[in-house]
1. Can you put MET69, MET196, MET55 in order, fewest other beta carbons within 10 Å first?
2. Could you run the Debye sum over the Cα atoms of the chain, one equal point scatterer each and no solvent, and tell me log10 of I(q)/I(0) at q = 0.16 Å⁻¹, two decimals?
3. Dipole size in debye (nearest 20) for the chain around its Cα centre, Lys and Arg Cβ +1, Asp and Glu Cβ -1?
4. Distance from the Cα centre of the stretch 54-133 to that of the stretch 2-31, in angstrom?
5. Which entries of LYS38/LYS70; LYS70/LYS138; LYS66/LYS160; LYS138/LYS159; LYS111/LYS159; LYS70/LYS159 show an alpha-carbon separation above 23 angstrom in the structure shown?
6. Sum -39500 (n - 2.57) across every DSSP H segment of at least 4 residues in the chain, then divide by the residue count to get the 222 nm mean residue ellipticity, nearest 500.
7. Scan around PHE180 for amide H atoms under 5 Å from its own, H built in the peptide plane at 1.01 Å from N, and keep only partners 5 or more places away or cross-chain.
8. Per residue of the stretch 14-22, what does 6.51 cos²θ - 1.76 cosθ + 1.60 with θ = phi - 60° give for ³J(HN,Hα)? Whole Hz please, x for Gly and Pro, Karplus curve as stated.
Amino acid sequence: MQPKTLLTCSSYLGPTCYYSALLHAEQVSIEGFENYLKQTLRNRCTILGPNGPQMLNIPVLKQSGKQHMKDVKISYAEDWQKNHWKSIQTAYGSSAFFEVLSPDLEPFYFKQETYLIDFNWKLMELVFNWLQIKPQLKITEAFSPISDLENDHRFAYNKKDLSHFQANKYFQINADQKTFYPNLSIIDLVFNQGPMAWEILNLEAV
């Protein structure tokens, strides 16, 4: 029996629906040869701040023409790392598991990676460690033809609205009792639920 392989795009602290799909994969292939798509989860994520959902964007260096995802470089013309980390602290500083888990995440905002795909890769490895899953992770060596196979998730999350993905409710520190914000960044789930995150994602995957 062949290992379950899932082909997906690179993501910056992707939404819960993204990680729910990866939960039982034995191999995860990150597409490196797709044309980079702006304004997608490849360089942005959404957290839940005190005033509601807040988008965090990683600026990239502008190039003429199309670029493969593997070649996209991060821009440090502005101190986005400081702003992102401050926003994360403000959003989740009082959450149940921030004190325990934030030391794992904080170093990413004080070291400069050249390529976006490498930055996202290392964050994904961290999330896998938090969720205690160990799929084999690799970047593709060529672009595979677009297919409608169940395990091809490269373009599944390109829309801003992810409400069509199932999302199991959980306590969110910045939401009132009547409101739940689905498919936020995986850190919203992990900082709020800690070791329960795997179970909640697994329910979404059913």
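1. Neighbour counts put them in this order, fewest first: MET55, MET196, MET69.
2. Taken in order of the listed q values, log10 I(q)/I(0) reads -1.09.
3. 440
4. Using only Cα atoms to place each centre, the spacing works out to 18 Å.
5. Those over the limit are LYS138/LYS159; LYS111/LYS159.
6. Result for the chain, helices only: -8500 deg cm²/dmol.
7. Answer set, sorted by chain and number: none.
8. So the J values, rounded to whole Hz, are x, x, 4, 5, 5, 6, 4, 5, 8.
Read-outs throughout are calculated quantities, based only on the coordinates presented, and are distinct from any laboratory measurement. All values reported here derive from a predicted model rather than from experimental measurement. Cβ coordinates were reconstructed from backbone atoms using ideal geometry, including for glycine residues, and neighbour counts include every protein chain displayed.
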